[in-house]
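Working notes, beginning with the structure itself.
The values are calculated or read from the model by the stated rules, or taken from the named source; none is laboratory data. Nothing here was measured: the structure is a model prediction, and the numbers come from that model. All Cβ positions, glycine included, derive from the backbone under ideal geometry; neighbour counts span all protein chains shown.
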Amino acid sequence: MTHFPEGFIWGAATSSYQIEGAAYQDGRGLSIWDTFCKTPGKVANGDTGDVANDHYHRYLEDIALMKEIGINSYRFSFAWPRIFPGGDGVREDRGFAFYDRLIDALLEAGIEPLATLYHWDLPQALQDKGGWVNRDIVQAFADYSTTVVEHFGDRVKKFSPINEPWVVAWLGYGIGIHAPGIKDRKSAFAAAHHTVLAHAASTKAMRAVRSDILTGPVLNQANSVADDPHDPIQKRALDIADAHQNRFWMDAFMYGKYPQILLDEYGDELGSVIREGDMQEAMVKNDFIGINYYFDNYIHTSKDGNVQSNSIAGLFDLAIDETAPGPLTDMGWPLTPSGLTNLLVRWHKEHGEKLPDLYITENGCAYDEGISADGKCHDHRRIDYLQRHLSAVSDAIAQGSPVKGYYQWSLMDNFEWALGYEKRFGIVYVDFDTQERTIKDSGYWYSNQIATNGRDI
């Protein structure tokens, strides 16, 4: 029997660069993704977010779709360069006006906004000064946060400072497959540390403006699974992977420390960027924690002894194999709904009353089912995925995990970063040639779950 508490939030999520378009309109400044997309070979098919879903002009149409589906909360992000083209200093009032219109229309439709301040589209002007590797970004982000809450905090009551800081640091500055495309482990550790300080500084800055808002981080998390957890190489890989992806930010915010294994393994790289008093500043009480969950990681001993170079092993030099069992989504990701239950229950058991409310702020899958002859999109694999993962959330709630809401990723097919428009995560199909939107079967299925508070899951 499924169980979702009364008042459970049923949402959907997007991000600014992935849907807004209007990249060169109304005074918007360049972001690192504008630059990255124009660099040959960085993004599939040379795709860009210049137009994307044209949400900047079609936001009312998109809100109408949300209302039709029944979504009661919408997670979106502000584009930092749209409201501060240079990253700091001069504001662009036309950018503020766009988000005023968006937020007011959401509220009129009865949809609660959850706003992310930073979802990876850093102003290029700040990257030119070092971006997240430059410690000065902490104050710049705090100043930006202050202005955002001063302007929008009368209507938006939930804010998250940074989406997936692990991705910001490690994909952007470590292995370089995301903007700004830097490949340097020391830079990645510096960026990671600065996202911790920036989150804390942003949280304090926002609360200094308004005491009636709720704030919390959004962290991409996953369990790491080994076929032989007693094997010393696999055990070390498991511990390092968990410390990197899960505990780095959780431990910093909740306890003012980093996992000891990272300090032991990477003291020269991580330890060199930590200044006296930093970890005390990092510790901050969050009103909620957002968890973005897609799949568990698999770690096996490499049969040929070669060091792998993909998402986990690229962070440390171990002879491991990360091949995941099938079936896989179009992203090549395994289906591991039980991992979501395990993760949520783990945090509840480990942190107890210290753990704030949890939201699943992203969860979804890429499958490319197109429009059929009947004019509909029959994406039954996505329905199965969502059903299984929502059931996993329900199981965690039944075991005491304080999960208060679920945001499906994504509302619409959109620009999927380095993969361009090849991967489709939406419950709404988007024809990127015509910008026509079509609610998929999964969207109607999700609508039914919202209407019944998950009774049929």
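Observations, loosely collected:
- Among (1) hydroxyl-bearing (Ser, Thr, Tyr); (2) buried (at least 21 other Cβ atoms within 10 Å of the Cβ); (3) more than 25 Å from Trp347 (Cα to Cα), the one test that Thr203 misses: (3)
- For the stretch 1-58, the tally of residues that are part of a helix (DSSP H, G or I) and of a type in the set (Asp, Glu) stands at 1.
- Filtered residues of the stretch 195-218 (kept if touching a Gly at 6+ places or on another chain (Cβ under 9 Å) and more than 18 Å from Asn292 (Cα to Cα)): Thr203, Met206, Val209, Arg210, Asp212, Ile213
- Hits in the stretch 160-204 - residues which are more than 23 Å from Ser145 (Cβ to Cβ), assigned to a helix (DSSP H, G or I) and not hydrophobic (A, V, I, L, M, F, W, C): Gly174, Arg185, Lys186, Ser187
- Restricted to the stretch 445-457, and to residues there that are in contact (Cβ under 8 Å) with a residue 12 or more places away in the chain and under 14 Å from Gly70 (Cα atoms), the residue that is surrounded by the most Cβ atoms within 10 Å (Cβ to Cβ) is Tyr446.
- Subset of the stretch 32-61 [farther than 13 Å from Trp417 by Cα and surrounded by 20 or more Cβ atoms within 10 Å (Cβ to Cβ)]: Asn53, His55, Tyr56, Tyr59
- Selection within the stretch 172-187 - under 16 Å from Gln245 (Cα atoms) and at pLDDT below 95: Gly174, Ile175, Arg185
- Only one of the listed residues (Lys157, Lys204) is of a type in the set (Lys, Arg), more than 21 Å from Pro81 (Cα to Cα), modelled with pLDDT of 95 or more and touching a Leu at 6+ places or on another chain (Cβ under 7 Å). That residue is Lys157.
- When residues in the stretch 279-297 are screened for being surrounded by fewer than 18 Cβ atoms within 10 Å (Cβ to Cβ) and not in a loop (DSSP other than H, G, I, E, B), 2 of them pass.
- In the set Gly375, Gly352, Gly426, Gly400, only one residue is outside any helix (DSSP H, G or I) and farther than 30 Å from Tyr56 by Cβ; that residue is Gly400.
- Count of residues meeting criterion [among the hydrophobic types (A, V, I, L, M, F, W, C), over 17 Å from the mean Cα position of the chain (by Cα) and either closer than 30 Å to Trp10 by Cα or surrounded by fewer than 16 Cβ atoms within 10 Å (Cβ to Cβ) (or both)] in the stretch 103-141: 7
- Those residues of the stretch 322-352 which are touching a strand residue (DSSP E or B) at 6+ places or on another chain (Cβ under 9 Å) and free of Cβ contacts under 8 Å to residues at least 24 places away in the same chain, in sequence order: Gly326, Pro327, Leu328
- No other residue among Leu238, Leu219, Leu270 is buried (at least 19 other Cβ atoms within 10 Å of the Cβ) and not in a helix (DSSP H, G or I) apart from Leu219.
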